[in-house]
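Reviewing the structure listed below.
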């Protein structure tokens, strides 16, 4: 029997973001991903908690891909004592070099903004979650690992990357834990991609596994067909050209930006749309597109056909890459048809909010969502049909034509997830369903049990499973954090304190400020208590 093989879930276990799983053997402790929570304010506040483990005790981080909900807390991990290796594909390493500094810049800018507000209210300065210096520490720990190379982490632990088909450099993780002649294979899907999509090669299947950790972002729905996706995009672009109007597209800088540009370029070369100007208004997306071109060996066959025809898939004749802020501002007064692709993908930050502010109230303008919109985000509210939204403190009427094409998602849909899971030879002993909203995870877990006759559970955050046991899914090595624990009280007080401080800043009430300070003091006491407990 393997002496110790504990798997603990710390993120993406009750939501789509914040991916982080810990695996412990007798000799080694690793985490798979160390992602940032995104979406609602409550979700984002989870990034400010102490880690529920001691960073200095982690030997390795295995990183599935560069998206911030999988990599975004690595600088915080390095800041708080992690000194091991971060193992990632070369393309992930390249992307992390631009994405993590960008994230640090956002943390510092938000902290500076909050500090100015606090000082006017007599409150203390706000520290960023991490800084550029912390990011540089994390980046110095990266080590590139190619697909399919077996890496021995310890005598009892090895891993191998497979292509997840999600974004450039994205990985499935096959991990083997051994004891004598016994071996347990654990496979982490990471974010699983979609078969037949342009640019990125299709996701791999893995031969066999004892346990599978599978994402469920779209576990309760199906994507449109490629034909329907193309038809709808063509219709929107043609209408914008006829009306001489803008199409504003919130898009993640890595993945969705490059794919939508590829599709527009393809439609133009097939003479299905006129030559409409396209602006990529995101310095991060511009840099990411350059990295895509530098890693062309990872492209699929269809994209290589573009290259063989002496055409870069990103070399659209009417493409403008916007880096300068003033050039970005000028797009809002520009007349004529245009496509503006800008980050962030959920419309929570960045230049996209300015473009939405200037276009949402205009009936003939278009807003097109091409990726997942998390609960509580501006993008989700718009997609769900909100009649008005607040942007930069101003209430904006929503009169623009709102579109959503799920066929652009980089996540496998329900069928794709089930097909991938069904491809394992033999029968996994258990499946952990993660990385999804409640309905999506529950729907997929039920299908896995009923259609594939596999044991499946939806783990709670903080819950550990002893994979060395025969009934591993039922054998909880460590229960989730109790509702009345210091960590739970910390969360509740933190939310209450932040709400009261926000009210004080808006209304100037002394009573609210006094109460907020009392809660903040208790919060500090709890944080010290939690840190001591975790040491």
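At-a-glance table
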| quantity | calculated |
| --- | --- |
| Share, in percent, of DSSP beta bridges within the chain that are antiparallel, nearest 5 | 50 |
| Sequence of 126, 194 once ranked by neighbouring C-beta atoms within 10 Å, starting from the fewest | 126, 194 |
| FRET E, pair residue 178, residue 140, Förster distance 35 Å, beta-carbon r, rounded to 0.05 | 0.70 |
| Burial ordering of 256, 221, fewest other beta-carbon atoms within 10 Å first | 221, 256 |
| Distance (nanometres) between label positions extended 7 Å along Cα→Cβ at residue 149 and residue 275 | 4.4 |
| Cβ crowding within 10 Å averaged over residues, with 359-365, 129-135, 183-189 ranked highest first | 183-189, 129-135, 359-365 |
| Theoretical gain in end-to-end length, residue 56 to residue 132 [0.36 nm per residue, Cα-Cα removed] | 25.3 nm |
| Percent of beta bridges antiparallel (DSSP, the stretch 226-408, rounded to nearest 5) | 20 |
| Expected-Rg normalisation [2.2 N^0.38 Å, Cα atoms] applied to the stretch 5-72 | 1.09 |
| Exposure proxy order (Cβ contacts within 10 Å, fewest to most) of 206, 325 | 325, 206 |
| Counting all C-alpha pairs of the stretch 1-146, share separated by more than 23 Å (%) | 36 |
| Förster radius 25 Å - calculated FRET efficiency between residue 330 and residue 108, Cβ distance, rounded to 0.05 | 0.40 |
| Euclidean distance of C-alpha centroids, the stretch 345-388 and the stretch 29-70, integer Å | 27 |
| Spatial extent of the chain: Rg and Dmax, with the Cα atoms as the point set, Å | 23.4, 70 |
| Computed FRET value (nearest 0.05) for residue 398 with residue 116, which takes r as the C-beta separation and R₀ as 45 Å | 0.90 |
| Distance between the stretch 181-237 and the stretch 13-27 - C-alpha centres, whole angstrom | 20 |
| Per-residue [θ]222 nm for the chain (sum of -39500 (n - 2.57) over DSSP H runs n ≥ 4, rounded to 500) | -11500 deg cm²/dmol |
| Hydrodynamic radius (Kirkwood) for the stretch 226-408, which is based on Cα pairs only, to one decimal in Å | 16.6 |
| Ratio Rg/Rh [Cα only; Rh per Kirkwood] for the stretch 190-233 | 1.04 |
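Here, each number is a calculation from the coordinates, and none is a lab measurement. These numbers were taken from a predicted model, which means no experiment stands behind them. Positions of Cβ are generated from backbone atoms using ideal geometry, with glycine treated the same way; all protein chains shown enter the neighbour counts.
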